[in-house]
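A.B. asks: One structure, pasted below without further comment.
The values are calculated or read from the model by the stated rules, or taken from the named source; none is laboratory data. All figures in this text were calculated on a predicted structure; none of them were measured in a lab. Cβ placement follows ideal geometry from the backbone for every residue including glycine, while neighbour counts extend to all protein chains displayed.
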Amino acid sequence: MNLEYVTLGAYFILLIVIGGVFARFNNNLSDFVRGGGRGTWWMVGTSMLMAGISAFTFTGNASAIFEAGPSAVIIYLANITGFILGATFLGRWWRQSRAYTSGDLVRARFGLGAEQTFVITGIILNPLSAAIQLWALAVFVSAVFGLPVIWMITIIGVITLAYSTTGGMWGVMATDVVQGVIMYGMTLLMAVLCIMEVGGVGAFIENYQQMVAEGSFTFVKEPGQFPNDRYTGLWMVMAFVMQMISQIHLGAANKFLAAKDGREASRASWFCMALMAIGVAVWFIPPMVARFLYADEVMAMAVGDPATTSYAITAAHVLPNGLLGVMIAAMFSATMSSMDWGLNTTTGVLVNNFLLPLRKWMGKAALSDFVQLRLCRSITVLLGILIISMSIGLSQQTRFAMFDSYMIIASVVSIPITLPLVAGIFIRKMPGWYYFVMLGGGLIMSLYTVIDEKMNGNVWALQERSFLVVLGALLALLLAWPFRQRRRAADLTRETEFWERTQTPIDFETEIGGSLDGAQAKITGNLILVTGGLLTAFLLVPNTLGDRVAIACLAAFVLTCGVLLRWAGIRADRNR
């Protein structure tokens, strides 16, 4: 176990170093919140992937896979669909909006009132989402090391806060790339070792078919088979819809704003889609193997939802001596990348779309670039403390399981807020005031379900609640449709300018300039090479020949990624 602690310590130091290295890339607000709009497709795409997953993938969702088989994969199929839409047109549109933050997009599409509503709700919901992800990671690590969950939440939160504060979006994206290489390599290795542990592909299929025959692993479950009719046809439809909404609404556009131009944004989304598709094929093999081989051990874990430890239990069984710490580091990377995106984007929206406009409205002088940077870092620290505190509070409650906590928040609050932000993409002549019409329709239905539960004791299943919320928002839209021509001339002008801007390609050299393609690739490649070199040291740990081969394959994968990025950086500098 001491080796695992050393591994994690070295990993934490590496993350802090990355934040420090990329701190020099930050000279103004644009650099801190969107990398100055100079991100390359591979950096933006990898960062998008890492922001889209967390340790929740390996705890809460692994729990769903352990108990129900592949039903929960529907959520990741929605992610893949969202990235396809981003690659075909949305990513290009959003980057070509020239926005600094997603709040800028909301204001350009719906007006100031919608922007401020989006800012205020984001300040509440984004930290809460990050807190749930941090809680999920702490549960995973606690299951492996036996350390108190509160300790884990605090340590992980502080480390993430450190590099997010120093490096800004550049630090976030760079650490996401390094962490993504580690996470991807480890999860690919885990999938292969799990298949070998169960006896090969044929044995895995036989075990899977047996579970299907028993009814546990059927893709669509029968009503009453699981609590609250989870994994039924309606549950899967609404889970897909909810996840799709979270992927494509205007508020989620921030992941494209760091790209150099519309073409790079589209390529980043294609790259992320491919990585996500491969990931889905391997991430959920370990919890299924846990169900086949270690079910009794998993269910004996003394935690609120034992199934959340299924991935950790499997890792402890199949990984070579010394790599468990690397696996934990990979899980850290998944959650840290989600938390650092949440920190950075929330900071950007709060500063750019609330504090700076407030100062201007109050008649105060504009802040210098240096002061704006200092303000961003101060806000990041405060948000980080808030997230850590909220996560500790969530870990102490026992009412909601981890998976259900995330989905309840999405159905009760997130869907009403984000539905108008989706409709505004596909209905071009939608007046700004429709934002509040749809928001009101969705919230009324959402509040009805909550009050009905409190007053009458009726339990609303996830799919029932979310369906009613979507229905309420759509009905409100239909009722308001006859009045869609009632808009001010200024609103019509704003909308016209918004759509014209999103269709106008970016001339990078004229509008931004100062390409950092080579620097991004070389610095990140060097950091990955250092990581790969450290992984080769695990060959010195006592292991069987087969385990040493597994370690060598992991190190080779990481080193190859580092060499390719280093080569790409040198080539980019030569072509300038």
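A.B. asks: Could you check segment 255-332 for helices (runs of 4 or more DSSP H) lying wholly inside it with 3 or more residues that are out of contact with any Cys (no Cβ under 7 Å at 6 or more places or on another chain) and touching a residue at least 40 places away in the same chain (Cβ under 8 Å)?
C.D. replies: Fully inside segment 255-332 and qualifying: 262-283, 285-293, 310-318.
A.B. asks: Of all helices (runs of 4 or more DSSP H) completely enclosed by segment 484-576, which ones contain at least 3 residues that are in contact with a helix residue (DSSP H, G or I) (Cβ under 8 Å, 6 or more places away or on another chain), closer than 30 Å to Ile427 by Cα and not hydrophobic (A, V, I, L, M, F, W, C)?
C.D. replies: The helices (runs of 4 or more DSSP H) meeting that bar are 489-502.
A.B. asks: When residues of segment 184-234 are filtered for being surrounded by 17 or more Cβ atoms within 10 Å (Cβ to Cβ) and acidic (Asp, Glu), how many remain?
C.D. replies: 2
A.B. asks: Right, another one. Of a type in the set (Gly, Ala, Ser), touching a Gly at 6+ places or on another chain (Cβ under 6 Å) and within 30 Å of Val172 (Cβ to Cβ): which single residue out of Ala239, Ala259, Ala253, Ala277 fits that description?
C.D. replies: After applying the criteria, what remains is Ala259.
A.B. asks: Every residue in segment 416-474 that is assigned to a loop (DSSP other than H, G, I, E, B) and touching a Lys or Arg at 6+ places or on another chain (Cβ under 8 Å), please.
C.D. replies: Across segment 416-474, the qualifying residues are Lys429, Met430, Pro431, Gly432, Trp433, Ala461.
A.B. asks: Scan segment 168-183 and give yes if some residue there is touching a residue at least 24 places away in the same chain (Cβ under 8 Å), surrounded by fewer than 23 Cβ atoms within 10 Å (Cβ to Cβ) and part of a helix (DSSP H, G or I), otherwise no.
C.D. replies: Filtering segment 168-183 down to residues touching a residue at least 24 places away in the same chain (Cβ under 8 Å) leaves 168-183.
Checking which are surrounded by fewer than 23 Cβ atoms within 10 Å (Cβ to Cβ) leaves us with none.
No; the residues of segment 168-183 include none that is touching a residue at least 24 places away in the same chain (Cβ under 8 Å), surrounded by fewer than 23 Cβ atoms within 10 Å (Cβ to Cβ) and part of a helix (DSSP H, G or I).
A.B. asks: From the list Val106, Val158, exactly one residue is buried (at least 24 other Cβ atoms within 10 Å of the Cβ) and in contact (Cβ under 8 Å) with a residue 40 or more places away in the chain. Which is it?
C.D. replies: Every option except Val106 fails the conditions.
A.B. asks: Here are Ser97, Ser71, Ser54, Ser30: which of them is at pLDDT 90 or above, crowded, with 21+ Cβ neighbours inside 10 Å and of a type in the set (Ser, Thr, Tyr)?
C.D. replies: The conditions single out Ser97.
A.B. asks: For segment 519-528, state whether one or more residues are in contact with a Ser or Thr (Cβ under 6 Å, 6 or more places away or on another chain) and either in the same structural domain as Ser333 (by TED's automatic domain parsing) or charged (D, E, K, R) (or both). I'd like the intermediate steps shown before the answer.
C.D. replies: Initially, segment 519-528 is screened for residues in contact with a Ser or Thr (Cβ under 6 Å, 6 or more places away or on another chain), giving 520.
Imposing the further condition that a residue be either in the same structural domain as Ser333 (by TED's automatic domain parsing) or charged (D, E, K, R) (or both) reduces the set to none.
No, every residue in segment 519-528 fails to be in contact with a Ser or Thr (Cβ under 6 Å, 6 or more places away or on another chain) and either in the same structural domain as Ser333 (by TED's automatic domain parsing) or charged (D, E, K, R) (or both).
A.B. asks: Taking Met50 as the residue in question, decide whether it is within 15 Å of Asp517 (Cα to Cα) and either of a type in the set (Phe, Trp, Tyr) or in a helix (DSSP H, G or I) (or both).
C.D. replies: Considered against the rule, which asks whether it is within 15 Å of Asp517 (Cα to Cα) and either of a type in the set (Phe, Trp, Tyr) or in a helix (DSSP H, G or I) (or both), Met50 comes out as no.
A.B. asks: Right, next: Identify, by number, the condition in (1) surrounded by 23 or more Cβ atoms within 10 Å (Cβ to Cβ); (2) within 30 Å of Lys522 (Cα to Cα); (3) among the aliphatic types (A, V, I, L, M) that Ile153 doesn't meet.
C.D. replies: Here Ile153 meets the rest and fails (2).
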